[in-house]
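Below is one structure; the comments refer to it alone.
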Amino acid sequence: MVGDYYGIQILSVALSDRWKWQVILPVGVSVTSIDNYDTPEQALYHGRCWVSAETAFYALDHCLSELCHKGSIHTLEYQSLIQSLLQITQRCF
């Protein structure tokens with residue numbers, strides 16, 4: 001199964017009797033899930049969730065980095081906010 005999520009291609013990849021998601025990034029690099037799923041639809045769903053979480057993380061990190069660089073927030077505030085963001089996006093794979 002193949003899905004398109006805002007121009008990013010997400011594939012369901014068969015692995016014996018289980019499925020993984022694979023995201024093809026615009027730069028030509030692919031990322032494959034560590035977790036296995038029961039159906040190709042579940043794999044696609046979790047692939048979309050991964051793209052959403054990564055996008056949110058990098059966008060907010062960029063904004064917070066700029067605020068820190070400009071002196072609007074302190075380094076400890078930046079680190080605390082990033083730590084919270086990591087927990088929210090469950091980015092600890």
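The values are calculated or read from the model by the stated rules, or taken from the named source; none is laboratory data. As the structure is a prediction and not an experimental result, all values here were calculated from the model. Note: ideal-geometry Cβ built from the backbone for every residue, glycine included; neighbour counts use all protein chains shown. All accessible areas refer to the heavy atoms of the entire protein, side chains included, with ligands and DNA or RNA removed. Shrake-Rupley method; radii C 1.70, N 1.55, O 1.52, S 1.80 Å.
The packing ranking, built from the mean of other Cβ atoms within 10 Å per residue, places the peptides 11-20, 26-35 in the order 11-20, 26-35, highest first. Peptide packing for 52-59, 40-47 was compared via the average number of neighbouring C-beta atoms within 10 Å per residue; ordered from the highest value, the list is 40-47, 52-59. Our coupling estimate for region 31-42, obtained by passing each phi through the Karplus curve with A = 6.51, B = -1.76, C = 1.60 and θ = phi - 60°, is 10, 10, 5, 7, 6, 10, 10, 6, 10, x, 5, 5 Hz, Gly and Pro reported as x.
The label-point distance for LYS70 and ASN36, in a model that sets each label 7 Å from Cα toward Cβ, rounds to 4.9 nm.
Quantify, in whole percent, the carbon and sulfur part of the accessible surface of the chain (1.4 Å probe; protein heavy atoms only). Exposed carbon and sulfur together represent 58 percent of the surface. Simple point charges give the picture: +1 on the Cβ of Lys and Arg, -1 on the Cβ of Asp and Glu, and for the chain a dipole about the Cα centre of about 100 debye.
Scalar couplings 3J(HN,Hα) for region 68-78, obtained by applying the Karplus form with A = 6.51, B = -1.76, C = 1.60 to θ = phi - 60°, are 5, 4, 7, x, 6, 10, 7, 4, 5, 5, 4 Hz; x denotes Gly and Pro. Averaged per residue, region 21-69 has 59 square angstrom of accessible surface, using a 1.4 angstrom probe with ligands and nucleic acids left out.
Counting only DSSP H runs of at least 4 residues, each contributing -39500 (n - 2.57), and dividing by the residue count of the chain, the helix-based mean residue ellipticity at 222 nm comes to -17000 deg cm²/dmol.
Using a ≥ b ≥ c from the Cα gyration tensor of region 1-69 (square roots of the eigenvalues), is it rounded, prolate or oblate, where a/c under 1.5 gives rounded and otherwise the larger of a/b and b/c decides, a/b for prolate? Here region 1-69 falls in the prolate category.
Could you tell me which of rounded, prolate or oblate describes region 52-93, using a ≥ b ≥ c as the square roots of the eigenvalues of the alpha-carbon gyration tensor, with rounded for a/c under 1.5 and, failing that, prolate when a/b is larger than b/c and oblate otherwise? Don't skip to the end; give the middle numbers.
Numbers: a/c = 3.73, a/b = 1.72, b/c = 2.16.
Verdict is oblate for region 52-93.
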